[in-house]
Number of protein chains: 2
Amino acid sequence: MHSLEALADPTRRRIVELLSERERTAGELVESFDISAPAISQHLNVLRAAGLVSTRADGQRRIQSLNRAGLDEIGRWLETTRAFWSRRLDTLERELRAEDAKARRKSP
Amino acid sequence: MHSLEALADPTRRRIVELLSERERTAGELVESFDISAPAISQHLNVLRAAGLVSTRADGQRRIQSLNRAGLDEIGRWLETTRAFWSRRLDTLERELRAEDAKARRKSP
DNA sequence: TGCTTAATTAAGATTAAGCTTAATTATTAG
DNA sequence: CTAATAATTAAGCTTAATCTTAATTAAGCA
């Protein structure tokens, strides 16, 4: 269970949020923060080790994207504590559906 | 967003797992680990600050139980990264329903 | 009352996380 | 080939996390 450890850091959570919008190069991510490029690179190492992010090369750029594997790991942990979590997940799922329906009504 | 930080530690994750089965006193939790009582007490402080655990007194015992608030915070974060996560949540939700149905068939 | 049990807070040591600058690798452009 | 760009790895520093033992609080019981 590395993925929850990876998401403990606020900078790494922000990286995941940015990548959930769209893929970005390491350099683009650096511009979004006030810390050095090596610091971002190290955070990406952690996210990669946790299976949350995948990196592919495009010339001298490194394109970062979110990876399903790390999310599955969190899902699996949620299942183990399911007795308590499941009701909450049901509620969340309903909220998501309601929001989706609302969004679809606005832009069908 | 303290709850993801609280769940970064493996001991605290285990505490949450144990409490998802049933409420336990601080002393019962201590017996489940190889670390000192003060260490467990400190972990419970973190979980309490994150809103994941509630503590109520019963005489000289302190009964620990899981709290909905911390889980809601994680749910909210999942919503912010929803674009990517929602499909995963749908899948997880289906799995949970399938397992529930199976369990209900065994013991109706 | 005083003694025991349950749990906490306090203080200090050790380890690990996260940041920096400097050096290194690899790719593109002149 | 050389210089510039993109990103990484390496080394070292600082702060924060986690554990320990010792001291403290509070409740139950002879």
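Interface B-A: total buried accessible area of about 3700 Å², 1.4 Å probe, protein heavy atoms only. Shown for B:N45: label points 7 Å from Cα along the beta-carbon vector, and their distances to the equivalent points in the other copies, 3.2 nm in ascending order.
Of the solvent-accessible surface of the range A:3-69, computed with a 1.4 Å probe over protein heavy atoms with every protein chain present, carbon and sulfur atoms account for 43 percent. Of the trypsin sites (Lys or Arg not before Pro) found in the range B:5-68, those that fall in a DSSP loop while having at most 12 other beta-carbon atoms within 10 Å are B:R22. Tell me the relative contact order for the range A:3-69 as a rounded percent, counting alpha carbon contacts under 8 Å between residues six or more apart. That works out to 37 percent. I need the GluC sites (Glu not before Pro) found in the range A:1-71, filtered to DSSP loop residues with at most 16 other beta carbons within 10 Å of theirs. The qualifying sites are A:E23. Distances between copies of B:E23, taken at a point 7 Å out from Cα along the Cα→Cβ vector and listed shortest first: 5.2 nm. Inter-copy label distances at A:P10, shortest first and taken from points set 7 Å along Cα to Cβ: 2.8 nm. Taken over the alpha carbons of the range A:3-69 as equal point scatterers, the Debye sum produces base-10 log I(q)/I(0) values at 0.18, 0.24, 0.26 Å⁻¹ of -0.57, -1.07, -1.27. About the centre of its Cα atoms, the range A:3-69 shows a dipole size close to 240 debye [charges on the beta carbon of Lys, Arg (+1) and Asp, Glu (-1) only; nearest 20 debye]. Axis-proximal residue of chain B for the rotation onto chain A, reported as residue and distance in whole Å: B:A8, 2, based on Cβ position.
Using the 1.4 Å probe convention, the accessible area of the range B:3-69 works out to 51 Å² per residue with neighbouring protein chains retained.
The values are calculated or read from the model by the stated rules, or taken from the named source; none is laboratory data. The shown structure was predicted, so the numbers you read here are calculated from the model rather than taken from an experiment. We place every Cβ from the backbone using ideal geometry, glycine too, and count neighbours over all the protein chains shown. Quick note on the areas: whole protein, heavy atoms, side chains included, nothing else; ligands and nucleic acids left out. Shrake-Rupley method; radii C 1.70, N 1.55, O 1.52, S 1.80 Å.
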